[in-house]
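The values are calculated or read from the model by the stated rules, or taken from the named source; none is laboratory data. Computed from a prediction, not measured in an experiment: that's the story for all the values here. In this analysis, Cβ positions are derived from the backbone assuming ideal geometry, glycine residues included, and neighbour counts consider all displayed protein chains. Ligands, DNA and RNA are stripped out before the accessible areas are found, and what is left, the full protein with its side chains, is counted by its heavy atoms. Shrake-Rupley method; radii C 1.70, N 1.55, O 1.52, S 1.80 Å.
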Amino acid sequence: MKRLFSSLLIVLAAMTAAAQSQTFTVGSYNYQILDAKTVAVANGMGVTGDIVIPSTVTYENVTYTVTQILGYAFSESAITGVTIPASIDSIGNRAFGSCGSLASIRISD
């Protein structure tokens, strides 16, 4: 019985880790699923100019709230401005690092 219980715990832990590291792409952004209802912007693939981070994103008929921008997500990109929605509660280290053209940041109420 102990062996079965231990095996079950290992399988559940692996499933949880896999679900948390799942990513998907919508438009120019790559998102990392954080839980059943929230995601983080993991990467802005080749974005340039003024960008707007969405407050929600829908993937496979599930609408997620965008709550984080991960570290280095837009690092070294050619963005000139960014609008960040009020749903963002965390911005990772150097998320906008080395963005030499970044002139404006707007954070929604």
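Which one of these is of a type in the set (Val, Ile, Thr), farther than 19 Å from Ser104 by Cα, open to solvent by less than 80 Å² (accessible area, probe 1.4 Å) and at pLDDT 95 or above: Thr63, Thr80, Thr67?
Matching residue, one of Thr63, Thr80, Thr67: Thr67.
Tally up the residues in the stretch 25-52 that are closer than 18 Å to Ile79 by Cα, open to solvent by 70 Å² or more (accessible area, probe 1.4 Å), at pLDDT 95 or above and among the aliphatic types (A, V, I, L, M), please.
Summing the residues that are closer than 18 Å to Ile79 by Cα, open to solvent by 70 Å² or more (accessible area, probe 1.4 Å), at pLDDT 95 or above and among the aliphatic types (A, V, I, L, M) in the stretch 25-52 gives 1.
How many of the residues making up the stretch 88-109 are surrounded by fewer than 16 Cβ atoms within 10 Å (Cβ to Cβ) and in a loop (DSSP other than H, G, I, E, B)?
10
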